[in-house]
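This report concerns only the one structure given below.
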Amino acid sequence: MRSGLTRSIAALFEDAHQLGSLFGRTLYYLLHGKREKGSVARMMFEVGNKSLLFMCVTMGFIGAIIAFQTGLQAKKLVPDFSMIGATYLKLLVRDLAASLGALPLATRVGAGIAAELGSMVVTEQVDALRMCAADPVDYLVVPRFVASVVMGTVVLIIGGFVAYLAGMAVAQMVFDVNPHTFTNLSMVTTGDLTLGLFKCITYGGAIAIVSSQRGLATFGGSEGVGHATTEAVVGSCFAIIVLNLIISTLGYFFVPAL
Amino acid sequence: MSATPSSARPLLAIPRRIGLVVIALADQLGGAGMLLGQVLVRLRPRRIDRYELFRNLHRMGVRSLPIIAATAAFTGGIMVIQAAPFVEKYNAKNFVGWAATFTTFRELGPLLIALIFNGRVGANNTAELGTMKVTDQVDALRALAIDPVGYLVVPRVIAMVVMMVALCVIGDAVALGGAVLTADLLLDVDPRIFLSSALERLDTWDFLVGLIKSLLFGLMIALMSCYYGLATRGGAPGVGRAVNASVVASAAGVFVADYLSTFVLE
Amino acid sequence: MIRLEDIHKRYRSPVLRGIDLHVPAGCIYALIGPGASGKSVLLKVVAGLVRPERGKVYVDGEELGELDDLGLASVRRKIGMLFQNYALFDMTVFENIAFPLRRLYDLPDTEVRERVAERLARVALPGTEDRDPSRMSGGQKKRIGVARATVARPPIVLYDEPTAGLDPVTSQKIYDLIRDEQRAQGTTVMVISSDVSGVLSIADRVGMLHEGELVFDGTAEEARDSTIPAVRQFVHGLVEGPL
């Protein structure tokens, strides 16, 4: 058990190092790389098209559930529901739209990136790129990174909006709060918006980096591709949760909520 | 593309696509439902392959423990941070324990654990069954008069459900630890005050709701991942497609189950 | 042109165990050996795609181990490579073949078109520019791979199993293509093949790998007449022997 624990901690540091190095190279090529016409646009379409429907469905359910839980909790503390919308919207903007939405996003986008890059590795296409002076980070990772940051943010914002509508519906039906009372933005500050947006961007980037790293590290045929896909989904979800704790802590100190 | 009728009549393209999605969805839901029936019929303690069961319990549960525990610890911490501004504003230090654990136990703990479990165990399960399917090992079992559902599916379903519930209990404990630690460090809330607030205001029911949910999530992931695994077609690339489809379908299934159970288990 | 000194590489078990090898300029060097003997890894070491744990790799006078990513990229400009599984990209035939030209040189579009058309004519697939390689036969894919490997006119070309899975007639055509190309351009060529008799018909020199060691290195005639048991067995396809 002990050796197992030390080994997993060592593996964690190794992973963190690999991810940091890939992130560094991605930023380098983002600034100095050779632009490939249309590749970013194509990846953006891919990311958005692949995840939008899934995101709307899951965020609809999540929004309904969170509104219900918030209502239950509010009922125990204060007798009236007049502030439930304001509180819900604040939570949504500051954290939940980004942090909960990023998990389905990771499932969909992360798995796609890892499977695609993984199968390029096992069919030697990545080696072939290297032989053609196309660095895989420059040619493959950078467009995915940009697409995931931009479209990930867009899709998360749309998901957040769906969650807001779902929450409004639940508040109306279960707690008898009319949509007008529910739509109360008085508690949402610019700081909340900035923090939420920053989270979206960070998660989008993290999904691309973690999944690309797993994909490019694939070895051993199609079984290896399956393995890389799994690791990409789990790794991206875990990265999101860790980043959430870090950003939320920083936000607590530097972006006061109330 | 030009050969498909949809592009010949652009007006019909969208309803046609929706129809295809609905048919595929009905097919998959029906398939997973049938599998559930087949599993239930075979649930007789003596007929379950013990070795397969224990192997799967170990593989699925014990080896997922580190990542699940880490997830839970972080979740506990995050919930305290989210509650923090309200605690400070209303000076409600004796509420923070309850506020953080209520949502974690009832909702976020089971949900996040299920999503990680899905990515790790569910996907692996589909990949394994899918590989067996495309390499004709499933047919080989049939040829040996071994029932594939009884031998392969039943132990996996039991293992996933049991382990999902067990991981949820452990996850709750770890999340509580993470929450206590964060509250102590960040908000200067004494651990004893935190725990007493959590214990006083939480019902056993709040805890049980989480467990019932994880049972449902485990069942959902188990059925979906086994169904997609056994429905794999088209060689090695087919396994990749099946894994992807299974992860997405299970995640969607978990959200739907969560939604329904949240309202039923008020 | 290519010189390897004491190359060691291991993954889980040792794959290459102290390889010394020299390929003179303008020579076709055939690398033969049973499956999993380390041939592909050796070729990737030459291309700078795999870094050995020990030993030195000289390509056109430069030692790959001392180069950073940029230096490696400039060495790879001099190397064209055909991969075992074609490694064709998910693009049209034209885009596949034009890819190295576009990435390596800044040529006007008309010249790129001309060079691609010239290559396709050379590999006997003229006018296939707009086709999707994934819908073409194995032999056609190999020939597109050859066209892509040679389009930038690199002084060194590496072929990994150019004829695996092809019928004898197509195989011979590919070998003739490799030979004619090499004679016309004066390039240095390394070819991996399991099809010993086919590859010996075009090779100037032959090396045989067995369990990570170079057990033979000489001319094609010497390989045919070799008395080393493993080489004799492999070259003549005998059942009896140490393999």
| query | Using the scaling law 2.2 N^0.38 Å as the reference, what is the normalised Cα Rg of region A:1-126? | reply | 1.53
| said: Using C-alpha positions alone, give me the convex hull volume of region B:122-266 per residue in cubic angstrom. | reply: 126 Å³
| said: Let me test this: with uniform point scatterers at the alpha carbons of region A:66-168, what is the Debye-based log₁₀ I(q)/I(0) at q = 0.09, 0.15, 0.17 1/Å? | reply: -0.40, -0.72, -0.82
| Which whole-number percent gives the relative contact order of chain B, counting Cα pairs below 8 Å spaced six or more residues apart? | 29 percent
| request: Multiply the residue gap between B:D203 and B:L11 by 0.36 nm, knock off their C-alpha separation, and tell me the result in nm, one decimal place. | output: 63.5 nm
| task | Output the Cα-based Rg and Dmax of region C:190-230 in Å, rounding Rg to one decimal and Dmax to a whole number. | result | 9.7, 25
| field | Once the Cα gyration tensor of region B:65-183 is diagonalised, semi-axes √(5λ) in Å | value | 43, 11, 9
| said: I'd like the mean, over residues of A:58-66, of how many other protein chain beta carbons sit within 10 Å of each residue's own Cβ. | reply: 5
| query | Solvent-accessible area per residue for region A:37-254 at a 1.4 Å probe radius, Å²? | reply | 35 Å²
| field | Volume per residue that the Cα convex hull of region A:92-143 spans, once the total is divided by residue count, Å³ | value | 66 Å³
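Loop only per DSSP, at most 16 neighbouring Cβ atoms within 10 Å: give me the GluC sites (Glu not before Pro) in region C:32-122, ordered by residue number.
Sparse-neighbourhood loop GluC sites (Glu not before Pro): C:E53.
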| field | Convex hull of region B:122-170 built on C-alpha atoms - directionally averaged projected area, nm² | value | 3.5 nm²
| task | Taking the Cα atoms of region B:8-265, report the difference between the largest and smallest coordinate on each principal axis, in whole Å and largest first. | result | 66, 57, 31
| query | Distance from the Cα centre of region C:84-150 to that of region A:41-55, in angstrom? | reply | 30 Å
| field | Per-residue mean of C-beta atoms belonging to partner chains within 10 Å, peptide C:79-89 | value | 4
| Roughly what % of Cα-Cα distances in region A:112-192 sit above 17 Å, to the whole percent? | 66 percent
| Toward the positive end of the charge dipole of chain A, about the Cα centre and with charges on Cβ (Lys, Arg +1; Asp, Glu -1), which of A:F23, A:T6, A:Y252 goes farthest? | A:Y252
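Enter the mean number of other protein chain beta carbons within 10 Å of the beta carbon of each residue in A:91-103, as an integer.
Partner Cβ neighbours, averaged per residue: 2.
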| Along each of its three principal axes, how wide is the spread of alpha-carbon positions in region C:2-86, in whole angstrom units, largest first? | 31, 26, 25
| task | Give me the number: length gained by fully extending B:R46 to B:D184, i.e. 0.36 nm times residue separation minus the C-alpha to C-alpha distance, one decimal in nm. | result | 44.7 nm
| So which of A:K75/B:K89; A:K50/B:K133; C:K39/C:K142; C:K56/C:K78 end up more than 22 Å apart by C-alpha? | A:K50/B:K133
| To the nearest 0.05, how large is the calculated FRET efficiency for C:A117 and C:E53 if R₀ is 60 Å and r is the Cβ-Cβ distance? | 0.85
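Any idea of the total accessible area buried by the A-B contact, 1.4 Å probe, rounded to 100 Å²?
Working: alone 14070 and 14430 Å², together 24250 Å².
Approximately 4300 Å², summed over both chains.
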| What is the spin-label model distance, in nm, from A:L193 to B:N94 if the labels are put 7 Å beyond Cα along the C-beta direction? | 4.0 nm
| Radius of gyration and Dmax for the protein assembly as shown's Cα atoms, expressed in Å? | 30.0, 98
| request: Kindly provide the helix-only [θ] at 222 nm of the protein assembly as shown, computed as the sum of -39,500 (n - 2.57) over DSSP H runs of four or more divided by all residues, to the nearest 500 deg cm²/dmol? | output: -22000 deg cm²/dmol
| task | Count the net charge of all other residues whose Cβ sits under 13 Å from the Cβ of A:G215, scoring Lys and Arg as +1 and Asp and Glu as -1. | result | 0
| field | DSSP bridge pairs, the protein assembly as shown: antiparallel proportion in percent, nearest 5 | value | 55 percent
| query | At a 1.4 Å probe, which residues in region B:66-86 are at least 50 Å² less accessible with all protein chains present than in their chain isolated? | reply | B:F74, B:I78, B:I81, B:Q82, B:P85, B:F86
| query | What's the carbon and sulfur percent of the protein assembly as shown's accessible surface, probe 1.4 angstrom, rounded to a whole number? | reply | 62 percent
| remark: Binned at 5 Å starting from 0, the alpha-carbon pair-distance distribution of chain C in whole percents comes out as 1, 6, 14, 17, 19, 17, 13, 8, 4, 1, 0, 0
| note | Losing no less than 50 Å² of accessible area (probe 1.4 Å) relative to the isolated chain, the residues of region B:108-156 are B:I116
| said: Report the rotationally averaged projected area of region C:161-243 based on its alpha-carbon convex hull, in square nanometres. | reply: 5.8 nm²
| said: Give me P(r) over chain A, computed from all C-alpha to C-alpha distances, binned every 10 Å, as integer percentages. | reply: 7, 27, 30, 20, 11, 4, 0
| note | Probe 1.4 Å, heavy atoms of protein chains only: per residue, the accessible area of chain B in Å² is 46 Å²
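Would you kindly calculate the mean projected area, averaged across all directions, of the convex hull enclosing the Cα atoms of region C:81-214, in square nanometres?
Computing the convex hull of the Cα atoms and averaging its projections yields 8.6 nm².
The values are calculated or read from the model by the stated rules, or taken from the named source; none is laboratory data. The structure displayed is predicted, hence computed values, not measured ones. Positions of Cβ are generated from backbone atoms using ideal geometry, with glycine treated the same way; all protein chains shown enter the neighbour counts. Remember, those area values only see protein heavy atoms, side chains included, never the ligands or the DNA or RNA. Shrake-Rupley method; radii C 1.70, N 1.55, O 1.52, S 1.80 Å.
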